[in-house]
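Okay, so here's the structure we're looking at.
The values are calculated or read from the model by the stated rules, or taken from the named source; none is laboratory data. Values in this document were obtained by computation on a predicted structure and should not be read as measured data. Note that each Cβ is placed from the backbone with ideal geometry, even for glycine, and that neighbours are counted across all protein chains shown.
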Amino acid sequence: MEKIPVTAGGFSRMEAELKMLKSVERPAVIKAIAEARAHGDLSENAEYSAAREKQGFIEGRIKELEDKVSRADVIDIVSLKSDVVKFGATVTLTDDDSGEENTYQIVGEYEADLKAKKISITAPLARALIGKKAGASVEVNTPKGSKSYEVLKVQYI
């Protein structure tokens, strides 16, 4: 069974979602199905169909999270203190073309969230950054062409 690298924060979010699905969402959808059944003919009951569909989604998500939690390899990023970019690093970059500065944290595939500035270890930018130090330049092939960045700062926070 292949281990999944995940930060401590990502692991706790997965566990919290799993707990919420099992203790709140699952019982609520079971109750909704029971109420819809009480309305009679199930073949023309939209409430019943919607509740069953939601139940399928919830059960699928529970199975997915249970699998991720069981295979999680929680990595304590604070103990990784280094000046080199690796898993868990928070990296500040500047775009060589636009001069725009961005900060990203390199996280596990299942906790990546671009809006929260967390990129997957499997993303092209993250792969290009691994092993680099502050001051290094990196070239990343993107769908829009090649992009150049300079690493300004590497932190483990």
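Candidates S23, S70: the one that is farther than 30 Å from G131 by Cα and of a type in the set (S, T, N, Q) is S23. Of all positions in the stretch 47-67, at least one carries a residue that is within 14 Å of the chain's Cα centre (by Cα) and among the hydrophobic types (A, V, I, L, M, F, W, C). Among the residues of the stretch 111-118, not a single one is charged (D, E, K, R) and more than 16 Å from the chain's Cα centre (by Cα). Within the stretch 68-103, the set of residues being without any contact (Cβ under 8 Å) to a residue 60 or more places away in the chain and over 20 Å from the mean Cα position of the chain (by Cα) comprises S79, L93, T94, D95, D96, D97, S98, G99, E100, E101.
The residue of the stretch 104-124 that is farthest from P5 (Cα to Cα), among those that are in contact (Cβ under 8 Å) with a residue 24 or more places away in the chain and among the acidic types (D, E), is E111.
For every residue, the table says whether it meets (1) touching a strand residue (DSSP E or B) at 6+ places or on another chain (Cβ under 7 Å); (2) under 23 Å from V151 (Cα atoms).
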residue	(1), (2)
A36	no, no
S49	no, no
S79	no, yes
F87	yes, yes
Y110	yes, no
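Taking every residue in the stretch 125-137 that is under 20 Å from D113 (Cβ atoms) and not assigned by TED's automatic domain parsing to the domain that holds D83 and pairing it with any residue that is among the hydroxyl-bearing types (S, T, Y) and assigned to a helix (DSSP H, G or I), at least 6 positions away or on another chain, yields no pair with a Cβ-Cβ distance below 7 Å. For the stretch 121-157, name all the residues that are closer than 19 Å to V84 by Cβ and part of a strand (DSSP E or B). Within the stretch 121-157, K133, S137, V138, E139, V140, Y149, E150, V151, L152, K153, V154, Q155 qualify.
Note on the stretch 112-135: residues that are in contact with a helix residue (DSSP H, G or I) (Cβ under 9 Å, 6 or more places away or on another chain) and surrounded by fewer than 15 Cβ atoms within 10 Å (Cβ to Cβ) amount to 1. The stretch 12-111 holds strands (runs of 3 or more DSSP E) entirely within its bounds, and those carrying 1 or more residues that are in contact with a Pro (Cβ under 8 Å, 6 or more places away or on another chain) and either buried (at least 17 other Cβ atoms within 10 Å of the Cβ) or not assigned by TED's automatic domain parsing to the domain that holds R127 (or both) map to 72-75.
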